[in-house]
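For reference, the structure is listed below as structure tokens.
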């Protein structure tokens, strides 16, 4: 049983939740920066207003500068109860006329450019271990024949503006948190609804009987249609394999029942006979029948194994002519014992193909074995000719095995390629599986198999192999 790897719905919710959290974190950082900027803009207006009120109170009396910080300037900044306020009035030479020590701006050049445009210059700076927001205003004095410039610097600690920024950020965080929770709930609900087709597929599969391999009929969206199609194709293959196995088992049982019954009958008769010669003859029959039965069982097992290989397909790259030559070398001694000669014409040189070499070997063995059994002429030594050729079709090679025997009646050509279908050839030893194995293997390789009678006598087996050259 497959181990449970967790819920797909939970994975979707967690993944989307992670995306929401990461996105929320970036949005919170952006909201904090926006809140800080908004707080600075608000309090900078108040600070600038107070500085303008203060700098307007600068006057010249008897060639001397007079400055009296107005209450209105302090009242404007008094809105921030816990903030400290600093001010400093200096002349163009940087000498402090009144107030605290002048705090040098970060960029004097930028300050001068701002003043030339008639704009205030703002900057942050630490003063006595506390961060302040400063503004510097420039005023030209053209009174009583005096021409001079003075600079008013006014600073305010950042407690109030930082508190405002924190409040704005907190409210944004509450809003983002609510959106994240709503997003999570939305994904949880929609993922359950979206995955409902999978539940329908599961329910239909669970309701099927073990022997019911018909296609699923559940209507599903396009995203899961491929899954249903793959399941239906898989069940179709299972159905075909099941049908083939049932037919194979039934036919195998039928084919084995007769020789086993014959073995049993011969053995029972042998136990009742007392004549040594009769017992010896019956023993020889038992041995011959046992060998034929053993051969038939081996062919049946071989057929089942190769049919399985044809289904799973185990392709590898190899030189086709070398495999054919190897099989012919292995079968040459058997051919000699039957007064048959094997010949091979290779017209594809060392062409490398991608296919199942074991299937190719079994195809050739069965074709040559069939030719050895049925392709021997009535007189003289027989010949079996094997050839490899290209065809006009792309990625298609032709393997031919030709004998010069009596051939096969035209009306039996199709029958002898069926399992246990031997037609009128039952007087020869055999199980009727050889050509059926060839048919099955060639079909599994998407090839074609045909038998053609040769004019003047003989039979040619043609195997068209669809391979990647």
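The values are calculated or read from the model by the stated rules, or taken from the named source; none is laboratory data. Please read all numbers here as calculations on a predicted model, not as lab measurements. Here the Cβ is made from the backbone with ideal geometry for all residues, glycine too, and neighbour counts use every protein chain on show.
Of note:
- The residues of region 57-80 that are exposed (fewer than 14 other Cβ atoms within 10 Å of the Cβ), out of contact with any helix residue (DSSP H, G or I) (no Cβ under 8 Å at 6 or more places or on another chain) and part of a loop (DSSP other than H, G, I, E, B), listed by number, are 62, 63, 68, 78.
- Filtered by the rule that a residue be at pLDDT below 85 and outside any strand (DSSP E or B), region 371-382 gives 373, 374, 375, 376, 377, 378, 379, 380, 381.
- Among the candidates 173, 154, residue that is in contact (Cβ under 8 Å) with a residue 60 or more places away in the chain and surrounded by fewer than 17 Cβ atoms within 10 Å (Cβ to Cβ): 173
- Residue that is modelled with the lowest pLDDT, among those in region 200-232 that are loosely packed, with under 13 Cβ neighbours inside 10 Å and closer than 30 Å to residue 23 by Cβ: 223
- Lone qualifier among 167, 162 - being within 30 Å of residue 96 (Cβ to Cβ) and out of contact with any strand residue (DSSP E or B) (no Cβ under 7 Å at 6 or more places or on another chain): 162
- The set of residues in region 222-275 being closer than 27 Å to residue 305 by Cβ and touching a helix residue (DSSP H, G or I) at 6+ places or on another chain (Cβ under 6 Å) consists of 252, 259, 262, 263.
- Qualifying residue in region 188-198 (condition: in the same structural domain as residue 74 (by TED's automatic domain parsing) and assigned to a loop (DSSP other than H, G, I, E, B)): no
- Subset of region 450-466 [in a strand (DSSP E or B) and either in contact (Cβ under 8 Å) with a residue 40 or more places away in the chain or within 40 Å of the chain's Cα centre (by Cα) (or both)]: 451, 453, 459, 460, 461, 462, 463, 464, 465, 466
- Breaking point among (1) touching a helix residue (DSSP H, G or I) at 6+ places or on another chain (Cβ under 9 Å); (2) touching a residue at least 60 places away in the same chain (Cβ under 8 Å); (3) in a loop (DSSP other than H, G, I, E, B), for residue 350: (2)
- Residue match in region 137-148 (condition: surrounded by 19 or more Cβ atoms within 10 Å (Cβ to Cβ), in a strand (DSSP E or B) and touching a residue at least 24 places away in the same chain (Cβ under 8 Å)): yes
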